[in-house]
Structure formats: structure tokens, C-alpha cells
């Protein structure tokens with residue numbers, strides 16, 4: 001089946017009949033078609049969307065910060081008191097990147113890298129949520145740009161990008177761009193540049209390689225030129241380290257930015273008003 005459009009139905013969480021449908025034109029690329037196949041596979045196998053209310057950047061920055069700090073510290077309490085994970089730190093400042101790096105390393109260590117032996121499903125859910133909350137805090141500190149994320153956690157992450165797929169990476173983002181999520185457990189070169197992470201293990205440096213049904217819709221714009229240059233400068237500064245890991249600039253430079261597969265039809269910032277009261281994904285369809 002050769003689909004041309006992605007349709008996402010957004011609904012009011014308190015009244016699912018109050019909804020709006022946004023339509024996105026799929027790009028005619030190999031990875032876009034393969035990503036559609038992954039979404040349909042997840043749906044056909046009965047995997048639900050993990051969190052239909054996973055939206056970022058809506059509401060005041062003060063309220064977002066308050067909620068994110070409260071939620072991540074409550075989860076740390078549960079991980080320590082119920083699961084006996086000796087974390088020993090709390091996040092009191094959304095800009096405390098060192099603590100966020102530390103918490104992300106806890107997630108990497110306790111969860112295991114992609115393909116690791118499965119652990120207690122309930123614990124895996126809680127430790128996985130720590131990762132989500134770390135990235136929520138980082139999203140706020142880096143501008144609180146509006147976006148929405150859809151994941152199908154249970155779907156196996158066993159599909160690997162081919163060389164042609166890397167052509168769909170772009171460092172810039174236009175309003176309404178749909179991107180395929182990074183599904184490795186670890187960090188990429190650009191993550192290390194942004195995070196200045198001193199806790200990550202050698203094994204957890206994972207360039208973008210696997211893909212799945214997981215995706216995000218970005219309702220903002222970014223200019224990728226300065227970003228690309230900053231990542232390159234970071235690589236040059238740490239070149240010997242990456243070479244000991246077996247990577248050159250040519251190996252890593254083709255996956256800087258986001259893996260883009262679709263674009264909003266008639267993009268206009270007016271859709272933010274439509275979504276603001278409808279932060280629940282009711283359906284994902286193709287035509």
C-alpha cells in the first residue's frame with residue numbers, strides 16, 4: 001500500500017468528541033514508507049500508544065517547570081523507596097544539566113541498552129519513565145518548544161537504517177515536521193554535545209541506527225546551520241575519544257539532526273490553539 005498522508009486525531013481529554021484532525025503529507029522516501037509499515041505493524045499487533053497525552057511546550061514555562069520538577073522527584077522517591085535504587089540526588093533546578101545527566105545514566109544502567117535481557121516489566125516501566133522525565137526537563141530548559149511524541153514501547157526495536165535512509169536527516173526543522181524517534185538506549189554525538197555528559201559509559205554512546213514506529217511532531221522551527229557547526233566543533237575537540245570507539249566524522253555526520261518523514265499540510269501557528277485544549281491523541285491513520 002502506497003500511502004500519501006498521515007492523519008492524527010487530537011481530542012479533548014475530558015470530551016473525546018471534541019476533536020480536530022491534522023493532515024500531514026508523507027515524504028516519498030524509503031524511510032517514510034518503512035516507518036509507515038512499522039506504525040501499521042504496531043497497530044495490527046495491538047500495541048497501544050504508550051502515553052496519548054505526551055505533549056511538550058504547552059502552557060506557561062513556569063507551570064511546565066513546576067510540574068516537571070514535581071513529577072521527576074516523585075518518581076525518584078518511588079525508585080528509591082520501592083525499588084531500592086540508590087539515586088541519592090534530587091532535581092531542584094530545571095537547568096541543572098549535571099543532575100539530569102546523572103539521572104539519565106541511572107536509567108541507562110538499570111534499564112540496560114537496546115537488546116538487553118528483559119527485566120521486571122513494572123520496574124522497566126518506572127525506570128523508563130525516568131528517561132522520559134529527564135528529556136521533558138531538558139526540553140523545557142532548551143526553550144520549551146511545542147511538540148508531541150507518540151511511542152509504542154512494546155514493539156521490538158529491531159529494524160536498522162540503510163545507507164539511503166540517512167539522506168532524510170536534516171539539521172533544520174520546519175513547523176509541522178514529523179520525525180522518527182531515536183530508539184537506542186544511550187546518546188548520540190549531538191546529545192553529548194548538548195548535554196556535556198561526563199557520566200555516560202563507552203557502551204552507551206549509540207549513533208542513530210535502529211528505527212521503529214515511534215515518532216514526534218514538531219510545532220516549531222529551528223535553523224540547523226549553527227547546530228551542525230556546534231556538533232562538528234564538539235567532535236573535533238573530542239576526536240581522539242571517538243576514534244578509540246571506532247568512529248570518524250564521516251561515520252557520524254550523516255545522522256546529525258532529525259530523521260524527517262512528513263510535513264503538515266497548510267502549516268500555520270493557528271493549529272497550536274486547536275491542540276492546546278486537545279492534548280490527547282485519539283487516532284493515527286494513513287490514506
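The values are calculated or read from the model by the stated rules, or taken from the named source; none is laboratory data. Since the structure is predicted, the reported quantities are computational estimates derived from the model, not experimental observations. Here Cβ is always computed from backbone atoms with ideal geometry, including for glycine, and neighbour counts include all displayed protein chains.
For the range 118-127, name all the residues that are farther than 12 Å from residue 72 by Cα and in a helix (DSSP H, G or I). Residues satisfying the conditions are 121, 122, 123, 124, 125.
The residues of the range 1-52 that are within 20 Å of residue 177 (Cβ to Cβ), assigned to a helix (DSSP H, G or I) and in contact (Cβ under 8 Å) with a residue 40 or more places away in the chain, listed by number, are 30, 31, 32, 34, 35, 36, 38, 39.
Among all positions in the range 134-147, there is no residue which is more than 18 Å from residue 64 (Cβ to Cβ) and either surrounded by fewer than 19 Cβ atoms within 10 Å (Cβ to Cβ) or under 19 Å from the mean Cα position of the chain (by Cα) (or both). Among helices (runs of 4 or more DSSP H) entirely within the range 179-244, having at least 1 residues that are in contact (Cβ under 8 Å) with a residue 60 or more places away in the chain and not assigned by TED's automatic domain parsing to the domain that holds residue 97 singles out 189-195.
Of note, residue 247 satisfies the criterion of being more than 14 Å from residue 175 (Cβ to Cβ), at pLDDT 95 or above and either not in a helix (DSSP H, G or I) or not assigned by TED's automatic domain parsing to the domain that holds residue 19 (or both). Take residue 22 and decide whether it is on the phi < 0 side of the Ramachandran plot and touching a strand residue (DSSP E or B) at 6+ places or on another chain (Cβ under 6 Å). Against the criterion (on the phi < 0 side of the Ramachandran plot and touching a strand residue (DSSP E or B) at 6+ places or on another chain (Cβ under 6 Å)), residue 22 qualifies.
For residue 271, the conditions (1) in contact with a strand residue (DSSP E or B) (Cβ under 9 Å, 6 or more places away or on another chain); (2) touching a residue at least 12 places away in the same chain (Cβ under 8 Å); (3) loosely packed, with under 13 Cβ neighbours inside 10 Å all hold with the exception of (3).
The rows are residues; the columns are (1) under 19 Å from the mean Cα position of the chain (by Cα); (2) in the same structural domain as residue 214 (by TED's automatic domain parsing); (3) in contact (Cβ under 8 Å) with a residue 24 or more places away in the chain.
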| position | (1), (2), (3) |
| --- | --- |
| 65 | yes, no, yes |
| 70 | no, no, no |
| 79 | no, no, yes |
| 84 | no, no, no |
| 87 | no, no, no |
| 106 | yes, no, yes |
| 128 | yes, no, yes |
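Here residue 257 does not qualify as over 17 Å from residue 139 (Cα atoms) and either free of Cβ contacts under 8 Å to residues at least 40 places away in the same chain or surrounded by 14 or more Cβ atoms within 10 Å (Cβ to Cβ) (or both).
Quick grid of which residues meet (1) out of contact with any strand residue (DSSP E or B) (no Cβ under 8 Å at 6 or more places or on another chain); (2) surrounded by fewer than 18 Cβ atoms within 10 Å (Cβ to Cβ); (3) modelled with pLDDT of 95 or more:
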site: 61; (1), (2), (3): yes, yes, yes
site: 66; (1), (2), (3): yes, yes, yes
site: 69; (1), (2), (3): yes, no, yes
site: 73; (1), (2), (3): yes, yes, yes
site: 76; (1), (2), (3): yes, no, yes
site: 96; (1), (2), (3): yes, yes, yes
site: 108; (1), (2), (3): yes, no, no
site: 112; (1), (2), (3): yes, yes, no
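Residues considered: 14, 40. Of these, the only one that is more than 20 Å from residue 217 (Cβ to Cβ), out of contact with any helix residue (DSSP H, G or I) (no Cβ under 7 Å at 6 or more places or on another chain) and not assigned by TED's automatic domain parsing to the domain that holds residue 131 is 14. Taken over the range 68-91, the residue count meeting the criterion of being in a loop (DSSP other than H, G, I, E, B), out of contact with any helix residue (DSSP H, G or I) (no Cβ under 7 Å at 6 or more places or on another chain) and farther than 17 Å from residue 124 by Cα is 1.
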